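Student: Below is one structure. I have some questions about it.
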Amino acid sequence: MSESLSSVSSSSAGSTSAPGARPRVAIVGAGVMGLSLGWRLARAGCPVDIYEAGIAGQGASHAAAGMLAACAEAEPGEEDLLALNRASQALWPRFAAELEAESGTCVDLRTEGTLTIGLTADDGARLRHLFALQTALGLPVEWLTAAAVRRLEPHLAGQLSGAILSAEDHQVDNRKVVAALLTAIARAGARLHENSPVAKVETQAGKTLGVVVNGALKRADLVILAAGAWSRGVDISPAAPLPVRPVKGQMLALRMDPAAPLVNHVIWAPNSYIVPRRNGRLILGATTEEKGFDTALTAGGQLALLTYAWRALPALEELPILEQWVGFRPGSRDDAPILGPSAEVEGLVYATGHHRNGILLLAVTAKVIAECVLEGRLEKVAEPFRASRFTPRAAAE
Ligand code: GLY
């Protein structure tokens with residue numbers, strides 16, 4: 001079967017909806033991806049059911065730091081991903097404004113920008129290299145001397161070798177985004193089913209029939225797989241299992257005085273990042289560990305976070321610890337998301353594998369996957385991220 005646009009059409013054989021009606025949609029996973037798609041599609045008139053194995057929004061959506069860091073995290077050879085990240089960055093202000101208007105919940109989109117700092121001469125050399133790459137890619141970045149950095153953030157370490165200011169790399173409070181989306185989906189009329197693990201996408205003759213939850217078939221015209229790190233646990237045969245695995249990250253939060261924050265920018269320091277929230281939470285992240293779904297907070301992981309962050313911001317040693325936690329990034333084989341219709345099962349759509357960029361990519365994912373469902377087209381910027389890039393035939397072509 002081709003990945004033609006008709007593979008997500010509501011007029012497919014076996015449709016549970018009347019001809020011309022909006023498709024009935026089942027969404028697997030109630031993280032920010034599933035919730036935002038539920039919101040968009042219910043608002044457009046689709047009957048929507050969102051199935052969540054546990055409690056909505058408590059996976060990576062809860063664990064993330066909320067950085068919208070397309071420029072600071074740009075890497076060589078990832079131009080397609082950079083284009084997607086930048087497209088999402090551009091969509092975020094409107095996405096946040098709409099979500100706030102429809103939910104009545106502020107999501108704290110902060111626009112001070114991100115500082116990637118160097119402490120040693122070696123860090124400075126690495127930063128210069130990154131700056132050259134960012135400049136060659138046409139990104140909106142600015143080189144700052146140590147003195148200029150200190151004027152912006154006086155509490156940073158005494159010895160700095162310079163910094164890159166990424167003025168368009170903003171941040172949002174991801175936990176507030178979850179809260180806002182829960183209100184928005186309820187107002188839009190989407191039904192949320194918690195503690196309802198989806199074991200299987202049921203198919204007949206290569207077409208989606210719905211999802212199997214606690215042994216019962218829940219019929220749908222279209223199924224969107226948005227289960228993050230848990231996506232591989234859903235049987236989607238005859239489609240191949242998705243190459244998505246959990247990438248563990250330990251994090252912690254300290255408590256600042258919100259009236260006298262130690263920093264206002266997001267800080268990328270060597271081996272760590274520091275994210276200040278308006279309410280005084282100072283988030284330190286994150287380890288990157290290949291340990292499956294291991295939920296252990298370890299002394300070594302927490303020590304590393306505190307040590308690297310303390311080197312960049314020594315004054316944090318006075319702050320009380322508020323919270324320590326573990327999250328699971330949905331890492332794909334090439335660290336890029338998996339978006340769009342399945343080539344193997346008609347009526348199955350993917351919105352998963354967002355790895356380190358889940359919150360950043362939320363705005364563009366909500367847009368392109370909602371369009372995919374409603375209009376049967378996948379926007380050009382999302383084309384490189386079809387699941388078919390992992391199949392041997394696509395590789396040979
Ligand atoms: N994007 C930050 C992280 O994955 O830790």
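Student: Assess whether Leu339 counts as being open to solvent by less than 10 Å² (accessible area, probe 1.4 Å), out of contact with any Leu (no Cβ under 7 Å at 6 or more places or on another chain) and closer than 16 Å to Ala70 by Cβ. Don't jump to the end; show me each part of the working.
Tutor: Details: open to solvent by less than 10 Å² (accessible area, probe 1.4 Å): yes; out of contact with any Leu (no Cβ under 7 Å at 6 or more places or on another chain): yes; closer than 16 Å to Ala70 by Cβ: no.
Considered against the rule, which asks whether it is open to solvent by less than 10 Å² (accessible area, probe 1.4 Å), out of contact with any Leu (no Cβ under 7 Å at 6 or more places or on another chain) and closer than 16 Å to Ala70 by Cβ, Leu339 comes out as no.
Student: Quick one: Ala186 ticks every box in (1) without any contact (Cβ under 8 Å) to a residue 60 or more places away in the chain; (2) outside any helix (DSSP H, G or I); (3) farther than 22 Å from Pro341 by Cα bar one, so which box is it?
Tutor: (2)
Table: residues versus (1) modelled with pLDDT under 95; (2) under 19 Å from Arg277 (Cα atoms); (3) out of contact with any Lys or Arg (no Cβ under 7 Å at 6 or more places or on another chain).
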{"residue": "Leu82", "(1), (2), (3)": "no, no, yes"}
{"residue": "Ala87", "(1), (2), (3)": "no, no, yes"}
{"residue": "Ala90", "(1), (2), (3)": "no, no, yes"}
{"residue": "Pro93", "(1), (2), (3)": "no, yes, yes"}
{"residue": "Ala101", "(1), (2), (3)": "no, no, yes"}
{"residue": "Cys106", "(1), (2), (3)": "no, yes, no"}
{"residue": "Leu109", "(1), (2), (3)": "no, yes, yes"}
{"residue": "Thr114", "(1), (2), (3)": "no, yes, yes"}
{"residue": "Thr120", "(1), (2), (3)": "no, no, yes"}
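Student: How many residues are more than 11 Å from Gly285 (Cα to Cα) and either at pLDDT below 95 or in a strand (DSSP E or B) (or both) when one looks only at the stretch 242-259?
Tutor: So the first thing to find is which residues in the stretch 242-259 are more than 11 Å from Gly285 (Cα to Cα), and the list is 242-248, 254-259.
Next, from what is left, pick out any that are either at pLDDT below 95 or in a strand (DSSP E or B) (or both): 244-248, 254-255.
Final tally of qualifying residues: 7.
Student: Would you confirm, using the coordinates I've provided, whether Tyr273 is under 30 Å from Gly124 (Cβ atoms) and open to solvent by less than 30 Å² (accessible area, probe 1.4 Å)?
Tutor: Values: under 30 Å from Gly124 (Cβ atoms): yes; open to solvent by less than 30 Å² (accessible area, probe 1.4 Å): yes.
So Tyr273 passes the test.
Student: Answer with yes or no whether Asp235 is of a type in the set (D, E, K, R) and within 29 Å of Thr114 (Cα to Cα). Steps first, please.
Tutor: Working: of a type in the set (D, E, K, R): yes; within 29 Å of Thr114 (Cα to Cα): no.
Judged against the criteria, Asp235 is not a match.
Student: Can you tell me which of (1) in a loop (DSSP other than H, G, I, E, B); (2) away from the ligand (no atom under 13 Å from the Cβ) is the one Leu303 doesn't meet?
Tutor: So the condition that Leu303 fails would be (1).
Student: For Phe131, all conditions in the list (1) more than 16 Å from the ligand (Cβ to nearest atom); (2) outside any helix (DSSP H, G or I); (3) open to solvent by less than 60 Å² (accessible area, probe 1.4 Å) hold save one; what is the number of the exception?
Tutor: Looking at each condition in turn, Phe131 falls short on (2).
Student: Further question on the same structure: Quick check on this structure: which one of Ala101, Ala56, Ala42 is away from the ligand (no atom under 13 Å from the Cβ), within 28 Å of Ala21 (Cβ to Cβ), in a loop (DSSP other than H, G, I, E, B) and among the aliphatic types (A, V, I, L, M)? Walk me through how you get there before you give the answer.
Tutor: Numbers: Ala101 fails: in a loop (DSSP other than H, G, I, E, B); Ala42 fails: in a loop (DSSP other than H, G, I, E, B).
Unique residue meeting the criteria: Ala56.
Student: Could you tell me which numbered condition Pro261 fails, if it satisfies all but one of (1) surrounded by 19 or more Cβ atoms within 10 Å (Cβ to Cβ); (2) on the phi < 0 side of the Ramachandran plot?
Tutor: (1)
Student: Next question. Step by step: first the residues of the stretch 221-252, then only those that are under 14 Å from Ala65 (Cβ atoms) and buried (at least 21 other Cβ atoms within 10 Å of the Cβ), then the one that is nearest to the ligand (Cβ to nearest atom). Which residue is that?
Tutor: Applying the filter and picking the extreme gives Gly249.
Student: Next question. Determine if the stretch 287-299 includes at least one residue that is under 22 Å from Thr116 (Cα atoms) and surrounded by fewer than 14 Cβ atoms within 10 Å (Cβ to Cβ).
Tutor: Narrowing the stretch 287-299 to residues under 22 Å from Thr116 (Cα atoms): 287-288.
When the remaining residues are screened for being surrounded by fewer than 14 Cβ atoms within 10 Å (Cβ to Cβ), the result is 288.
Checked against the condition, which is being under 22 Å from Thr116 (Cα atoms) and surrounded by fewer than 14 Cβ atoms within 10 Å (Cβ to Cβ), the stretch 287-299 yields at least one hit.
Student: Filter the stretch 60-97 for residues that are within 13 Å of the ligand (Cβ to nearest atom) and open to solvent by 20 Å² or more (accessible area, probe 1.4 Å) and give the result.
Tutor: Within the stretch 60-97, Ala60, Ala64, Met67, Glu73, Glu75 meet the criteria.
Student: For the stretch 272-300, how many residues meet the condition of being within 11 Å of the ligand (Cβ to nearest atom) and of a type in the set (Gly, Ala, Ser)?
Tutor: So the answer is 3.
Student: Looking only at residues in the stretch 194-219 that are open to solvent by 20 Å² or more (accessible area, probe 1.4 Å), in a strand (DSSP E or B) and not hydrophobic (A, V, I, L, M, F, W, C), which one is farthest from Leu35 (Cα to Cα)?
Tutor: Filtering first and then ranking leaves Gln204.
Student: When you scan the stretch 19-31, how many residues do you find that are over 19 Å from Gly233 (Cβ atoms) and open to solvent by 10 Å² or more (accessible area, probe 1.4 Å)? Talk me through it step by step, then tell me what you get.
Tutor: Step one: list which residues in the stretch 19-31 are over 19 Å from Gly233 (Cβ atoms), which gives 19-25.
Restricting the remaining residues to those that are open to solvent by 10 Å² or more (accessible area, probe 1.4 Å) gives 19-22, 24.
Counting residues in the stretch 19-31 that are over 19 Å from Gly233 (Cβ atoms) and open to solvent by 10 Å² or more (accessible area, probe 1.4 Å) gives 5.
The values are calculated or read from the model by the stated rules, or taken from the named source; none is laboratory data. In this text, all values refer to a predicted model and were calculated from it rather than measured experimentally. Positions of Cβ are generated from backbone atoms using ideal geometry, with glycine treated the same way; all protein chains shown enter the neighbour counts. Note: accessible area is taken over every heavy atom of the protein model, side chains too, but ligands, DNA and RNA are not part of it. Shrake-Rupley method; radii C 1.70, N 1.55, O 1.52, S 1.80 Å.
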